[in-house]
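Reviewing the structure listed below.
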Amino acid sequence: MDDLAVFAGSANRPLAQKIAEYLGISLGAAKITRFPDGEILVKLEEDVRGRDIFIVQPTCAPTNESLMELLIFIDCARRASAERVTAVVPYYGYARQDRKDEGRTPITAKLVANLITTAGTDRVLTVDLHAGQIQGFFDIPVDNLYAEPVHSRYFRQFQWDNLVLVSPDPGNAKRARAYANRLGGDLAIVDKRRVSGEAVEHGHIIGDVRGKTVLMMDDMITTGTTVCGAAKLCIKAGAKHVYVGATHAVLVGKAVANFAEVPIDQVVLTDTVPVAQETLDAIGKIHILSVAPMMGEAIHRIHSNESVSSLFNMDNVR
């Protein structure tokens with residue numbers, strides 16, 4: 001695999017290190033510095049001419065800094081004569097701005113796709129896009145992996161016999177159904193209306209949760225307003241236990257305070273986004289799963305021109 005190289009941006013270096021370990025290689029040598037005025041400089045410190053390059057950089061907070069660093073990294077690899085450049089973006093920021101739902105607003109998810117493509121990317125590898133149609137915003141191949149097999153492998157150990165999968169909002173029902181099919185159990189949906197970026201209104205639960213164990217899955221948790229509000233409804237309706245899971249642990253704003261108000265048994269997240277230790281300590285019931293084996297296997301298969309779709313089942317990851 002001498003012609004394969006994995007480089008890490010500064011947004012989530014621990015994940016990149018785990019991916020490299022899975023592949024049995026060392027991270028590529030690169031130096032990322034900043035000028036006194038904040039400009040980012042990326043310098044590759046090893047030869048990449050004619051090599052297959054994968055750059056691991058989620059566009060998480062600080063979002064704009066992370067995005068700009070990714071674009072510069074891509075341009076650097078392209079100008080260093082890499083044979084192919086794949087942007088590995090475990091968390092794709094701006095994904096919630098994927099449509100015009102009112103007048104005079106941008107479609108920023110498309111803008112970001114244009115920027116990544118124009119920078120010189122040949123392919124994108126990501127995990128759980130907020131909206132699947134974002135793949136169509138790119139004119140290059142996109143591999144959108146799902147964290148559902150990673151979560152399901154973990155949750156199988158509990159062997160719940162009274163499980164109900166609860167979708168925290170109607171738009172997430174398809175995800176809840178996928179988990180219900182994998183783990184067994186019934187399906188329920190929380191009626192929710194978003195008022196603003198931080199405020200939502202919860203109505204009622206469509207389905208029965210009384211005396212049952214609730215598992216509530218989402219693609220991301222930002223402030224926790226949606227899942228915590230839905231969890232309160234489930235507990236009020238008689239749920240015995242409530243578990244919450246999500247792929248992207250954004251956890252900003254009032255997230256710590258929101259989780260402190262709800263007796264959730266456990267919050268299971270992945271490492272697509274790094275979580276500060278103080279946040280882990282403050283919430284106190286977070287369990288982190290790693291997507292590194294899945295992403296490492298995807299990189300291996302892309303490099304070897306093998307199928308990636310089989311990774312929708314984690315049993316295919318060694």
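A short reminder: the numbers here are calculations on the coordinates, not readings from a lab. Please read these numbers as outputs of a predicted model, since none were measured by experiment. So basically every Cβ, Gly included, is an ideal-geometry build from the backbone, and we count neighbours across all protein chains shown.
Observations, loosely collected:
- Where GluC sites (Glu not before Pro) fall in DSSP loop in segment 10-56, at most 14 other Cβ within 10 Å: Glu39, Glu45, Glu46
- Positive-end ranking of Thr121, Leu163, Ile299 along the dipole of the chain, with charges on Cβ about the Cα centre, is headed by Leu163.
- Take the Kirkwood radius over Cα pairs of segment 1-128, plug it into Stokes-Einstein at 10 °C and 1.306 mPa s, and you get 105 µm²/s for translational diffusion.
- Residue by residue, segment 164-175 carries 3J(HN,Hα) couplings of 9, 8, 10, 7, x, 7, x, x, 9, 4, 5, 5 Hz when phi is fed to the Karplus relation 6.51 cos²θ - 1.76 cosθ + 1.60 (θ = phi - 60°); x denotes Gly or Pro.
- Net charge dipole, segment 148-289: roughly 360 debye, given to the nearest 20, about the Cα centre with Cβ charges of +1 for Lys and Arg and -1 for Asp and Glu.
- Share antiparallel - DSSP beta bridges, segment 1-118, percent rounded to 5: 35
- Placing unit charges on the Cβ atoms of the charged side chains and taking the dipole of segment 148-289 about its Cα centre, the candidate lying farthest along the positive direction among Ile264, Leu233, Thr222 is Leu233.
- GNM flexibility winner over the chain from Ala11, Ala282, Ala77 (Cα, springs under 10 Å): Ala282
- Size-normalised alpha-carbon gyration radius of the chain, reference 2.2 N^0.38 Å: 1.02
- Over all directions, the projected convex hull of the C-alpha atoms in segment 148-289 averages 7.4 nm² in area.
- Shape summary: segment 6-67 maps onto an equivalent ellipsoid whose semi-axes, from the alpha-carbon gyration tensor, are 21, 15, 9 Å in decreasing order.
- In sequence order, calculated HN-Hα J values of segment 250-256 (Karplus, 6.51, -1.76, 1.60; Hz; x Gly/Pro): 5, 6, 10, x, 8, 4, 4
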